[in-house]
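Bear in mind that the values in this text are calculations on the coordinates, not laboratory data. All values reported here derive from a predicted model rather than from experimental measurement. Virtual Cβ from ideal backbone geometry, glycine too; neighbours counted across all protein chains shown.
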Amino acid sequence: MCDSPKRGARTVLALQAKNLTVSARIDGAVVPAIRGLSFDLAPGKILGLVGESGAGKSMVGRAIAQLLPAGFAVTAGALLFEGEDLAQMAPARRRFLLGRAIAFIPQAPMTALNPVRTIGAQFDEHLARLGEDSRNDRRERAIAMLTAARLPNACALLGRYPHQLSGGMCQRVLIALAFSSNPRLVIADEPTTALDVTMHPQILRLIADMQRQHGTAVIFITHDLRLAAQLCDQVTVMYAGRAVESGPARAVLSSPAHPYTRCLQLANPSMRAERRALYVMPDQMPSLRQLQNMSGCHFAPRCPLVTEECRRIEPPTVAISAGRMVACIRAAATSGIASAQRPVAAPDISKRPVLQVEALAKHYAIGRGLFATAHTATAVRNASFSIAENEFVALVGESGSGKSTIAKLLVGLEQPSGGRILLNGEDLTDAAARRRALAAASIQMVFQDPQSALNPRRRVASIVTQAMEAGSRHASWDERLARTRELLGEVGVAADLAARLPGQLSGGQRQRINIARALCHIPKILIADEIVSGLDVSIQAQLLNLLARLRAELGFAMLFISHDLSVVRHLCSRVLVMYRGEIVEQGPIDAVFDDPQHPHTRALLSSVPPDAPETAWSSLDPAVPTE
Amino acid sequence: MIATVVKLMARRLLAAIPILLVVSALLFCVLRLLPVDPAAMSMPPTATIAEIEVKRREMGLDRPLPQQYLIWLNDALHGDFGRSIVFRREARSLVAATLPVTIQLALAAMVLAAVLGVGGGLVMFHVRGTLFEPLADFVSILLLSIPEFLWGLILLFVFGVALHLLPFTGQVAPGLPLPHITGFLLLDALLVGRFDVFVSACQHLILPAVALGLAFSPTIMRVLRSSLFDIYHEDYIEQARLRGLSEGHILLGHALKNASLPTLTLAGVQFGILFSGTLLVEVIYSYPGMGNLMVDAVRNADLPLIQTIGLTYCVVVLVINTAVDSLYVLLNPKLRVR
Amino acid sequence: MATAVSRSLRSPRVLIALGMIACIAACAVFAGFIAPHDPGDQNLLSTLTPPAWAAGGDQNYPFGTDSLGRCVLSRLIYGARTAMLVAIFASLGAMVIGSVLAHVSGYFGGALDWIIGRMVDVWMSFPPVILSLILMVGLGVGLGKIILAIILVDWTRFCRVLRSDVLIVTRHDYIAAARLLGFTHWQTIVREVLPATLPLLITLVSLEMAIAVVVEAILSFVGLGVAADQPAWGQMIADARQYVYQSPWNLLLPILAIIFTVTAFNLLGDGLRRSLDVRLAEAGR
């Protein structure tokens, strides 16, 4: 194990990037994926790299390990770890540092451990490499680290396999592994994104505690601005491979200097402030290919403060105060950017319920076999709620809470084990009525994952008008093209994309097509299953505004399933909170969020970082004991 | 852990019994559809029609088909599988004499196939991304395209006829005694202490075993290579690299262990197919195993013998598949522990 | 679909394989024009003559003659016809039965899946060689009977492999979405599932053709294949085996013919698998 430098002599920076440039060969030209990135990370500090997908933040982590994807290489600048350039280092030296002085916490904990080896075996392998020779010592150390990661019953855990652990527990094991060598630098790449929302504060707190304990410098990669404000000391905001702004976290995020940072803030729905239309940046971040042909500031096409000069020359990085840098010539005007739109008008909600659910239940029989007894697993238990015309109701809960099951029960993809579903007064649990309802297209669903929800072999025009192809309804191709044009216009997709395949569209465009398909024959009620999860904040803002506009124009109710409370607060008027198959709390959103009754609702609310960077997040407070 | 595996094997074997019943019934029916009269065949040519009729009634051939099957089943459960019409011996004893020979051949071939397959797979994986990759790939497809009976003929011609290096007829050189204790000649020769018999038996085993082994190794090669390829794209391999483990350590400690699962399963299934492939190789090399017996039985429409041998093949394959399934559960923690 | 076809045609494997298959198909179709003699013509005066390039060879018989004085080259060419007929019809037949049952089984699940699955289990517990032998005993010799026997034995392989693919495809949300939009089961299977499983289907057909050629050769070799007067490669091998000392070429040439044909189909199957499966094509496997 490496010795940490003495406490007094901490002059060497843990990590320093000097004009780092990572480029790739695309179509014969050299295109930079990261350009001129510079930052200083002092020992024991946390630096947040914030940005949307494609900004290049994960590429920094890979550059540190020199495990860049094929075709990518460091073409200029330096990345210094305690004074040594990682890019120029001999491979043997670099491999020596990895796992010892430099450790990684991965994004997807469940797949980051070898499924056919026990936790103990993998820990043992890691510690053996670090130099622990005695098997007993290794075992003791493993147990000590796992206990420090707040994993109960560490001894028994050593004999378990990864698939027996939950996502949160796997991540704790990985954090324990990372910190077991007393590293001087840890890179955490979106460590909570793949986990349930209520796990987030616990994992973040664990990382923060471990970091404090070992005095490690941390690079924290995330897309969540508010999270970075709470956790990090320094923050660097990245856009299209370039650092557009950097400085102390709280300062940057309470008064951003770069227009992009400000727009990103305004695109985030808030938990406390008055509802307003979200700020929408048009289009999306340029891809590597598009960057080739761009001159001037890369944010110019989307910037509200753009001028001619912005488009001509790329803005230099200037210091605006102690420790704060920004790459924008119009930085002074940034604070003037605001959502100029009116606050979202409260929609008319009629008294008539379009959907009524009474005591809905769903049980699954598992473990049936010749010699095994049958168990029943209850996915949904005694769910009762109603949705009125034009009302947007949110259904929140974690994975496994039963929200997707309710969605499937409502549209008829699963059969309820008990209870009734009434759509416009007709009982849907009867099969014939369900067919009539489908035929009348009264209820439709928008699925979560557009990769899986759109047939990759069908063209856009064919997908959005797929409903016109069904059953005995045979619409002519002309009718379908006309309707396609209408629908694409409504969801804000350019009409010339009608001939494309889903694989040729961006994530946001695919989701719009998904929505358009469900709206082909305008339903009375739409079930939206996590349709904005996993999308970038700016794309998410576009879609949320789209949904609000569509409701105003077309008129339909929606059951909006999500785990993201701020999104839900922005869009919906009522909320249903699900926990382990039951609806534990329901009511108007403001009432429930301001004064939550059920402990699970409280847990969900405390998992959301506060809007304002100045407010301390109670979940991260070391004084507050963890459960 | 042992308890779960034993329980699983017991469950599978019990589930295999109805399969066996259905298989034997199907075999029975298919064979009864033949335009062949077992009664007439088992009587000397001078028999009169009346005598044949008596024989028919004696053999129960005038009864309805389901009843005939039940009679056969009842007899079989008591160990009586009928008499071979051609050899005029109990079918059971014929099978008992030839089954060990076939098993010996199959095992030897499987060992060869495994060694060649794993070695070849590792080589193919090693050359990925280099210029040798398309060559290695083409060679493996070529090998895949040569079935065991063609290998048998080619090896017979090259090493037996043209080069006179190895013998290609029978199990041992003529004139040597055949000790019979377990039925496995190699083992028996060692037990009796006759090394000359042992050496001769080995020599006679080489060509047929190599023919079978060469025919079945390419599948193992290709599945090992593609499993390794898939595994190297998994997250945990990248994480192992990020923890600083060397490439050699990753291959031996992580990748191979994970790749062994699909490879072993496939090798197990292949063993079943290999076992049935012994038939042709035995014919080509005049090897006195069950396959040769089957061909004789089929050529002479010897129904009881065909039924018995067919059933034996099925039983062996079912046992192999059950063992492979259990091995898979044993090796895969996701199935073994909840 | 068009992009998939063009991608396949750019793959070197596919092109080479198609070239090889074209040669064999040409022999099969134009046998009457290419073969120098009638394959059944016996010339008992010049039996077991060596090929034209060896000592004692006759220009009249480029590849020599067999034990009954029949021209080996002609028999090889006409044998290609037998092989191709078996390959095409047997694999198509197995494909039709296997894929229909696989789609029904994978899409509907439940009891139907269980029944078909058990049927496949029972069928597959018969080693294929043994089963085809027994079937031929029951059915009798002849080209049509061979095709029928291969279909009856191998549909299970199609069914099992395709079923896993159908299960994966059916799990995608767009299948559920189609049902929600009002598609009937039939419409969903034909318009949504089948186009997705088509690449695997085509690959399996190609591989099945390779297997069919081998099985036909095996059956002819044991004497349970085509009728004695029809030329088949397996039969040529069985015949030549008895006279391997006198004329080794009579054994080697049909063996090479079989290897050539089977390699062509395997190469085609492998090439198609790589170019039609979009995921594999992207990963460069």
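Computed on the range A:353-620, with alpha-carbon pairs under 8 angstrom and 6+ residues apart, the relative contact order is 25 percent.
Backbone N atoms of the range B:260-293 closer than 20 Å to the 7 Å Cα→Cβ label point of B:LEU107 belong to residues B:267-279, B:281-282, B:287-292. Of B:GLU148, A:GLU391, A:GLU582, the sequence from fewest to most neighbouring Cβ atoms within 10 angstrom is A:GLU582, A:GLU391, B:GLU148. Here the spin labels are modelled as points 7 Å beyond Cα on the Cα-Cβ line, and at A:SER38 and B:PHE138 they lie 5.5 nm apart.
With R₀ set to 51 Å, the beta-carbon distance separating A:LEU620 from A:TRP477 gives a calculated FRET efficiency near 0.30.
Between the DSSP loop rule and a limit of at most 12 other Cβ atoms within 10 Å, which trypsin sites (Lys or Arg not before Pro) in the range C:18-124 are left?
none
Partner shielding of A:508-519 amounts to 1, given as the average count of beta-carbon atoms from other chains within 10 Å of each residue beta-carbon. Multiplying the residue separation of B:VAL123 and B:LEU20 by 0.36 nm and subtracting their alpha-carbon distance yields 33.0 nm.
Got a sec? How would C:TYR107, C:TYR243 order by Cβ neighbour count within 10 Å, fewest to most?
Taking fewest neighbouring Cβ atoms as first place, the list is C:TYR243, C:TYR107.
Across peptide A:449-456, the mean count of Cβ atoms from other chains lying within 10 Å of each residue's own Cβ comes to 5. Placing a label point 7 Å from the Cα of A:ALA552 along the Cα-to-Cβ direction, the residues of the range A:374-411 whose backbone N falls under 20 Å from that point are A:389-393.
Enumerate by residue number the trypsin sites (Lys or Arg not before Pro) in the range A:245-316 meeting two conditions: DSSP loop (anything except H, G, I, E, B), and at most 14 other Cβ atoms within 10 Å of the site's Cβ. Mind dumping the intermediate values first?
Numbers: sites: A:ARG250, A:ARG262, A:ARG272, A:ARG275, A:ARG276, A:ARG289, A:ARG302, A:ARG311, A:ARG312; in loops: A:ARG272, A:ARG275, A:ARG276.
Hits after loop and neighbour filter: A:ARG272.
Helix content alone sets the calculated 222 nm mean residue ellipticity of chain A: runs of n ≥ 4 DSSP H residues at -39500 (n - 2.57) each, divided across all residues, give -9000 deg cm²/dmol. For chain C, a/c is not less than 1.5, where a ≥ b ≥ c are the root eigenvalues of the C-alpha gyration tensor, and a/b tops b/c. That puts it in the prolate class. Report the calculated FRET efficiency for C:ILE115 and B:LEU13 (r = Cβ-Cβ distance, R0 = 30 Å), to the nearest 0.05. Step by step, r from the Cβ atoms, then E = 0.85.
With each label modelled as a point 7 angstrom along the Cα→C-beta vector, the A:GLN597-B:LEU330 pair spans 5.8 nm. Between A:ALA338 and A:GLU309, the distance separating the two model label sites (each 7 Å from Cα on the Cα→Cβ line) works out to 2.6 nm. Could you tell me which of rounded, prolate or oblate describes chain A, using a ≥ b ≥ c as the square roots of the eigenvalues of the alpha-carbon gyration tensor, with rounded for a/c under 1.5 and, failing that, prolate when a/b is larger than b/c and oblate otherwise? Verdict is oblate for chain A. For the pair A:ALA29 and C:SER6, a Förster radius of 25 Å applied to the C-beta separation gives a FRET efficiency near 0.45, rounded to the nearest 0.05.
Based on Cα contacts under 8 Å between residues 6+ apart, chain C shows a relative contact order of 25 percent.
Dividing the summed -39500 (n - 2.57) terms of all DSSP H runs of n ≥ 4 by the residue count of chain B sets its mean residue ellipticity at 222 nm at -24000 deg cm²/dmol. For the range A:353-620, the square roots a ≥ b ≥ c of the C-alpha gyration tensor eigenvalues yield an a/c of 1.5 or more together with a/b not exceeding b/c, which makes the shape oblate. Here is how the number arises for chain C: DSSP H runs of 4 or more residues each give -39500 (n - 2.57), the sum is divided by the residue count, and the result at 222 nm is -24000 deg cm²/dmol. For the range B:207-254 versus the range C:184-212, the inter-centroid distance based on Cα atoms is 30 Å. Once the Cα atoms are used to define both axes, helix A:477-491 deviates from the longest principal axis of chain A by about 50 degrees. Checking the cross-link pairs A:LYS403/B:LYS257; A:LYS351/A:LYS403; A:LYS57/A:LYS408; A:LYS362/B:LYS257; A:LYS45/B:LYS257 against a 31 Å limit on the alpha carbon distance flags A:LYS403/B:LYS257; A:LYS57/A:LYS408; A:LYS362/B:LYS257; A:LYS45/B:LYS257 as lying beyond it. Mean per-residue shielding of peptide C:254-261 is 3, counting Cβ atoms of other chains within 10 Å of each Cβ. Each part reduced to its alpha carbon centroid, the range A:192-214 and the range B:127-174 end up 59 Å apart.
Specify the inter-centroid distance of the range A:47-110 and the range A:522-553, based on alpha-carbon positions, in whole Å. One Cα centre to the other: 37 Å. Among C:MET124, A:MET445, the ranking by other beta carbons within 10 Å of each residue's beta carbon, starting with the fewest, stands as C:MET124, A:MET445.
In loop segments of the range A:457-531 as defined by DSSP, the trypsin sites (Lys or Arg not before Pro) with at most 14 further C-beta atoms inside 10 Å of their C-beta are A:ARG473.
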